[in-house]
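Presented below is the structure to which this report refers.
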Amino acid sequence: MKRIVSIVLALLLMRRPHSPDTDANGDDMTCHTDNNKHLPFACSVCAKRFTQKGHLIAHTRTHTGEKPFACSVCGKGFSRKGDLRIHSRTHTGEKPFACSFCGTRFRQKGDLIAHTRTHTGEKPFACSVCSTRFTQKGHLIHMRTHTGEKPFSCTVCGKSFSKKTNLTAHTRTHAGEKPFACLVCGKGFTQKGHLMAHTRTHTGEKTFISTFFSILHI
DNA sequence: CTCTTGTAGGGAAAAGCCCGGG
DNA sequence: TCCCGGGCTTTTCCCTACAAGA
Ligand SMILES: [Zn+2]
Ligand SMILES: [Zn+2]
Ligand SMILES: [Zn+2]
Ligand SMILES: [Zn+2]
Ligand SMILES: [Zn+2]
């Protein structure tokens with residue numbers, strides 16, 4: 001699925017017409033030919049350019065999904081040999097990178113860097129709404145507390161959650177009881193509020209947000 | 001008051017990807 | 001040119017404190 005999305009995006013990039021304005025621009029033209037000299041190898045799918053042919057070949061695998069290097073232990077495939085080497089540490093237990101503050105060891109350098117921020121207090125990522133700062137970029141999922149986005153819906157009661165793990169925890173609470181049944185379609189709900197929200201989908205009243213997510217089939 | 005459930009912050013593992021240099 | 005490894009980013013999951021409420 002993810003690869004399909006990337007291919008679609010790549011096709012969209014290909015279809016994007018070259019701007020006549022920039023083509024007529026002398027400076028841009030110079031830059032363009034300079035790029036062709038310095039980055040002679042272009043991806044035929046997304047038009048990214050590379051300094052070496054091998055780099056292009058490796059990049060192409062991000063479109064094709066080809067994974068020529070398989071782990072001899074678990075069979076998992078990788079697009080790059082170096083990535084396979086890193087992966088092999090999960091089997092050997094090798095953790096070459098030690099935290100200078102607490103001694104905890106990590107398999108990957110980046111993991112140590114992220115961990116070190118827990119000691120230094122460095123928080124490079126700021127919420128654009130409330131300016132709260134975070135140690136990891138992924139923690140900006142915090143933004144959903146502002147937008148109300150809840151992409152993960154329970155298949156049993158329909159309640160939505162902002163985080164997948166919270167939905168998973170919620171799902172475990174279901175023991176099969178659905179006390180509030182919809183008078184139109186019979187669908188059951190655990191809470192009255194859920195039924196009320198559901199009933200509105202029959203009367204045609206939808207919030208913008210729910211319409212948005214139903215379009216995305218989330 | 002206590003037990004259950006919802007919310008969200010924060011840490012980490014693993015994978016993904018680009019780049020320079022031997 | 002081929003190949004290796006460094007460096008950084010992204011994705012996914014886990015643990016947990018705390019709040020809300022029955
Ligand atoms: Zn490409
Ligand atoms: Zn393996
Ligand atoms: Zn440490
Ligand atoms: Zn915020
Ligand atoms: Zn549910």
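A few points about this structure:
- Applying 0.36 nm per residue to the separation of A:PHE134 and A:ASN166 and subtracting their alpha-carbon distance, the gain on full extension is 9.5 nm.
- Pair A:CYS127, A:CYS102: separation of 7 Å Cα→Cβ label points (nm): 2.4
- Computed FRET value (nearest 0.05) for A:HIS55 with A:THR173, which takes r as the C-beta separation and R₀ as 41 Å: 0.25
- FRET efficiency estimate (nearest 0.05) - Cβ-Cβ, A:LYS67 to A:THR92, R0 22 angstrom: 0.60
- You can think of it this way: the chain between A:GLU149 and A:ASP83 has 20.3 nm of extra reach, that is 0.36 nm per residue less the Cα-Cα gap.
- Net charge in the neighbourhood of A:HIS59 (other residues with Cβ under 12 Å of its Cβ; Lys, Arg +1, Asp, Glu -1) is +4.
- Of A:LYS95/A:LYS137; A:LYS53/A:LYS81; A:LYS81/A:LYS123; A:LYS67/A:LYS95, those spanning more than 28 Å from alpha-carbon to alpha-carbon: A:LYS81/A:LYS123
- Surface per residue (accessible, 1.4 Å probe) for the range A:97-147, Å²: 68
- Förster radius 25 Å - calculated FRET efficiency between A:ILE141 and A:LYS109, Cβ distance, rounded to 0.05: 0.55
- Kirkwood radius for the range A:97-147, taken over all pairs of different Cα atoms as the inverse mean of 1/r, rounds to 12.0 Å.
The values are calculated or read from the model by the stated rules, or taken from the named source; none is laboratory data. Keep in mind that what you see is a predicted model, and the values were worked out from it rather than measured. Quick reminder, even Gly has a Cβ in these numbers, built from the backbone with ideal geometry, and neighbours come from all protein chains shown. We work out accessible area using only protein heavy atoms, side chains counted, and drop any ligands, DNA or RNA first. Shrake-Rupley method; radii C 1.70, N 1.55, O 1.52, S 1.80 Å.
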